[in-house]
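For reference, the structure discussed in these notes is given below.
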Amino acid sequence: MTQAVGQVEVLGKLKPGFDEILTPEALAFIAELHKKFNPTRKELLKKRVQRQQEISSGKYPDFLPETASIRNSDWKVADAPEDLLDRRVEITGPAEAKMMINALNSGANVFMADLEDALSPSWENVVGGQIALRDAVRRSLKFESPEGKSYSLKDKLATLIVRPRGWHLEESHVLVDSEPVSGSLFDFGLYFFHNADETVKRGTGPYFYLPKLESHLEARLWNDVFNHAQDALNISRGTIRATVLIETILASLEMEEILYELREHMSALNAGRWDYIFSTIKKFSSDKDFLFPDRAQVTMRVPFMRAYCQLLVKTCHKRGAHAMGGMAAFIPSRRDPAINEVALTKVRDDKELEVSTGFDGTWVAHPDLVPIAKEVFDKTFGDKPNQKEKQLDVSVSAKELLDVSIDGGKITEAGVANNVNVALQYIESWLRGVGAAAIHNLMEDAATAEISRAQLWQWIKLGAKLDDGRPVTKELYRETRDKEMKALTAGGAGRYKEAAEILDFLVESEDFIDFLTIKAYEYLDRE
């Protein structure tokens with residue numbers, strides 16, 4: 001179905017209620033954002049390619065000499081609004097009604113409603129997510145399960161933050177002047193247009209998590225978008241508040257500059273650990289000095305991840321921003337207490353490391369983890385909302401951020417099999433429209449699937465050897481894939497055939513493919 005509104009064409013099917021979100025006024029606002037900012041977005045994506053070429057030719061990135069004056073001058077980000085002062089526990093999940101109700105009711109301080117890595121971007125999910133967000137803002141969100149169980153919002157809710165898609169993604173169901181609109185601008189624009197004024201009236205604001213930035217220039221683009229959007233809807237500048245995920249290796253070298261570019265709107269930086277690991281593998285995927293061991297061995301205690309976290313905390317507190325820790329992805333088992341005991345001990349240990357490092361809050365993926373995370377942070381914070389006064393006396397060099405050597409690190413046959421298994425399961429789930437997938441008692445999103453397929457490509461490309469001496473080859477990959485496919489399809493085919501096609505393409509490609517979601521998006525609405 002095609003609906004034309006001015007220069008905007010909506011190619012996606014208009015289901016009941018979609019017209020309340022895709023109004024002529026909202027689409028005109030999206031078109032305005034696209035026309036004004038999409039050329040810059042495309043130029044910045046070209047710069048990503050250029051930087052990758054430089055890295056691949058042996059020019060390692062460093063802190064930028066041209067922005068030294070920003071790092072060396074005295075400035076702070078805007079003061080946090082009252083409902084973002086205490087962020088000690090944040091829960092995340094896709095922008096879907098049932099998930100949102102449970103998360104908003106969970107007792108967490110903040111809920112990040114995800115339109116990005118935890119949401120498979122089918123047309124129904126993308127617009128349905130906007131409907132759910134609109135209703136959540138107005139506290140009218142309800143859900144009734146097929147079994148007849150009703151879900152509704154409590155009186156006390158977590159503060160809502162929305163994560164739009166990254167700059168690299170497009171929304172193919174909406175064209176402006178025959179060109180697909182940016183997924184970032186579409187997600188941000190619809191939420192802001194329908195809810196910015198309403199959030200302010202309710203004593204909060206339009207708050208956003210910004211994913212996958214690779215430079216301060218990409219942060220500057222977001223700041224320009226924010227200012228334009230606020231002016232267009234007669235909302236005071238600075239009303240928008242942003243938290244930026246530092247989840248690329250290049251962004252870790254520009255943290256201060258990113259804070260500076262968004263300083264009027266800035267609230268926090270977040271240590272997006274899984275995408276950060278993926279980004280590091282990706283940027284140096286053909287470099288033997290960056291050969292990674294099994295994913296399970298890349299913990300938050302290895303040196304390059306410790307350096308990243310310490311630099312993030314130091315940078316945030318120096319500039320008056322919150323430093324947010326990473327995800328505890330464990331999903332408690334209803335049937336196996338032994339699994340829970342081991343996993344919850346690891347969750348507690350992880351959160352204790354974060355709070356002792358200086359983080360002001362952390363992420364969890366499941367409501368049952370909120371009490372554990374809160375207990376750990378409460379013990380340190382007491383009645384304080386955060387620990388931004390804690391200044392780390394550390395000096396982190398670019399060399400430390402790029403030194404990924406891990407003592408005792410090894411690649412195992414089990415590690416290969418786990419990567420194949422997780423990637424297949426996640427991609428198949430994503431193709432069915434489920435972007436937050438429970439796999440092996442972990443809530444997996446696109447980031448962990450990206451690590452899995454990236455490691456497989458890297459190990460094959462660099463001729464890595466297993467701990468038993470065997471080389472990791474395409475033949476070993478195919479043999480493992482066939483074995484995993486047989487086990488995974490024993491109960492039904494699902495969309496595993498397409499998942500395997502996508503994984504084969506990503507793993508066996510001559511060149512590293514930047515994002516699995518771009519390739520998988522071609523398959524998404526085939527059914």
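The values are calculated or read from the model by the stated rules, or taken from the named source; none is laboratory data. Model, not experiment: these values are computed from the prediction. Reconstructed Cβ throughout: ideal geometry from the backbone, glycine too, with neighbour counts over all protein chains shown.
Pick from Ile339, Ile331: which is crowded, with 18+ Cβ neighbours inside 10 Å and of a type in the set (A, V, I, L, M)?
Ile331
Are there any pairs, at least 6 apart or on different chains, whose C-beta atoms fall under 6 Å, with the first in the stretch 141-169 and assigned by TED's automatic domain parsing to the domain that holds Glu214 and without any contact (Cβ under 8 Å) to a residue 40 or more places away in the chain and the second surrounded by 11 or more Cβ atoms within 10 Å (Cβ to Cβ) and part of a strand (DSSP E or B), and if so, which?
That search, which allows pairs on different chains as well, returns Ser150/Glu144.
Is the stretch 308-316 home to any residue that is among the hydroxyl-bearing types (Ser, Thr, Tyr), within 26 Å of Gly58 (Cα to Cα) and surrounded by 21 or more Cβ atoms within 10 Å (Cβ to Cβ)?
Looking for residues that are among the hydroxyl-bearing types (Ser, Thr, Tyr), within 26 Å of Gly58 (Cα to Cα) and surrounded by 21 or more Cβ atoms within 10 Å (Cβ to Cβ), one finds at least one in the stretch 308-316, hence yes.
Picking from Gly415, Gly463, Gly469, which residue would you name as being closer than 24 Å to Ile249 by Cβ, assigned by TED's automatic domain parsing to the domain that holds Ser509 and loosely packed, with under 15 Cβ neighbours inside 10 Å?
One residue alone meets the criteria, Gly463.
Please go through (1) under 29 Å from Thr248 (Cβ atoms); (2) under 29 Å from the mean Cα position of the chain (by Cα); (3) of a type outside the set (A, V, I, L, M) for Gly494 and return the number of the only condition it doesn't satisfy.
All conditions are met except number (1).
Residue by residue through the stretch 20-62, note down the ones that are exposed (fewer than 13 other Cβ atoms within 10 Å of the Cβ), over 20 Å from Leu169 (Cα atoms), without any contact (Cβ under 8 Å) to a residue 40 or more places away in the chain and out of contact with any Pro (no Cβ under 9 Å at 6 or more places or on another chain).
Hits for the stretch 20-62 are Pro24, Gln53, Ser57, Gly58, Lys59.
Answer yes or no: is there a residue in the stretch 134-149 that is crowded, with 24+ Cβ neighbours inside 10 Å and in contact with a strand residue (DSSP E or B) (Cβ under 7 Å, 6 or more places away or on another chain).
No, there is no match, as no residue in the stretch 134-149 is crowded, with 24+ Cβ neighbours inside 10 Å and in contact with a strand residue (DSSP E or B) (Cβ under 7 Å, 6 or more places away or on another chain).
Residues in the stretch 406-442 that are more than 19 Å from Leu115 (Cα to Cα) and at pLDDT 95 or above: how many?
Matching residues across the stretch 406-442 total 20.
Spot the failing condition for Ile502; the list is (1) surrounded by fewer than 19 Cβ atoms within 10 Å (Cβ to Cβ); (2) at pLDDT 95 or above, and only one is missed.
The failed condition is (1).
Restrict the check to the stretch 421-444 and report whether at least one residue is buried (at least 20 other Cβ atoms within 10 Å of the Cβ), over 19 Å from the mean Cα position of the chain (by Cα) and among the aliphatic types (A, V, I, L, M).
yes
Mind counting the residues in the stretch 391-425 that are under 30 Å from Glu501 (Cα atoms) and hydrophobic (A, V, I, L, M, F, W, C)?
8
Any chance you could count how many residues in the stretch 386-426 are out of contact with any Cys (no Cβ under 8 Å at 6 or more places or on another chain) and either basic (Lys, Arg) or over 15 Å from Lys483 (Cβ atoms) (or both)?
Of the residues in that region, 27 qualify.
Output the residues belonging to the stretch 263-304 that are within 30 Å of Pro206 (Cα to Cα) and of a type in the set (S, T, N, Q).
Ser267, Asn270, Ser279
Determine whether the stretch 172-183 contains at least one residue that is free of Cβ contacts under 8 Å to residues at least 40 places away in the same chain and more than 16 Å from the chain's Cα centre (by Cα).
yes
Return the pairs, sorted by first residue and then second, in which the second residue is among the polar types (S, T, N, Q), the first residue lies in the stretch 459-473 and is in contact (Cβ under 8 Å) with a residue 60 or more places away in the chain, the beta carbons are less than 7 Å apart, and the residues are 6+ apart or on different chains.
Short answer, once both residue conditions are applied: Lys461/Ser285; Lys461/Ser286.
Show the residue pairs that are 6+ apart or on different chains and have beta-carbon atoms under 6 Å apart, the first residue being within the stretch 389-409 and over 23 Å from Phe359 (Cβ atoms) and surrounded by 11 or more Cβ atoms within 10 Å (Cβ to Cβ), the second being at pLDDT 95 or above and of a type in the set (D, E, K, R).
That search, which allows pairs on different chains as well, returns nothing.
Can you tell me which residues in the stretch 184-203 are small (Gly, Ala, Ser) and outside any helix (DSSP H, G or I)?
Within the stretch 184-203, just Gly203 meets the criteria.
Closer than 23 Å to Phe188 by Cβ and at pLDDT 95 or above: which single residue out of Met305, Met327, Met266 fits that description?
Values: Met305 fails: closer than 23 Å to Phe188 by Cβ; Met327 fails: at pLDDT 95 or above.
Only one candidate qualifies: Met266.
Please indicate, with yes or no, whether at least one residue in the stretch 70-78 is free of Cβ contacts under 8 Å to residues at least 12 places away in the same chain, in the same structural domain as Glu254 (by TED's automatic domain parsing) and not in a helix (DSSP H, G or I).
First, pick out the residues of the stretch 70-78 that are free of Cβ contacts under 8 Å to residues at least 12 places away in the same chain: 72-74.
Cutting the leftovers down to in the same structural domain as Glu254 (by TED's automatic domain parsing) gives us 72-74.
Within this subset, residues satisfying the condition of being not in a helix (DSSP H, G or I) are 73-74.
Checked the stretch 70-78: at least one residue is free of Cβ contacts under 8 Å to residues at least 12 places away in the same chain, in the same structural domain as Glu254 (by TED's automatic domain parsing) and not in a helix (DSSP H, G or I).
Kindly indicate whether Met485 is under 12 Å from Val420 (Cα atoms), outside the structural domain of Tyr276 (by TED's automatic domain parsing) and surrounded by 14 or more Cβ atoms within 10 Å (Cβ to Cβ).
yes
Conditions: (1) touching a Lys or Arg at 6+ places or on another chain (Cβ under 9 Å); (2) surrounded by 24 or more Cβ atoms within 10 Å (Cβ to Cβ); (3) over 25 Å from Val49 (Cα atoms). His194 meets all but one. Number of the miss?
(2)
Return the residues of the stretch 470-527 that are charged (D, E, K, R), assigned to a helix (DSSP H, G or I) and more than 30 Å from Trp167 (Cβ to Cβ); say none if nothing qualifies. Spell out how you get there, then give the answer.
Let us first name the residues in the stretch 470-527 that are charged (D, E, K, R), namely 470, 474-475, 478-479, 481-484, 486, 495, 497-498, 501, 504, 508, 510-511, 514, 519, 522, 525-527.
Right, trim to assigned to a helix (DSSP H, G or I) and you get 474-475, 478-479, 481-484, 486, 497-498, 501, 504, 508, 519, 522.
Within the stretch 470-527, Lys474, Glu475, Arg478, Glu479, Arg481, Asp482, Lys483, Glu484, Lys486, Lys497 qualify.
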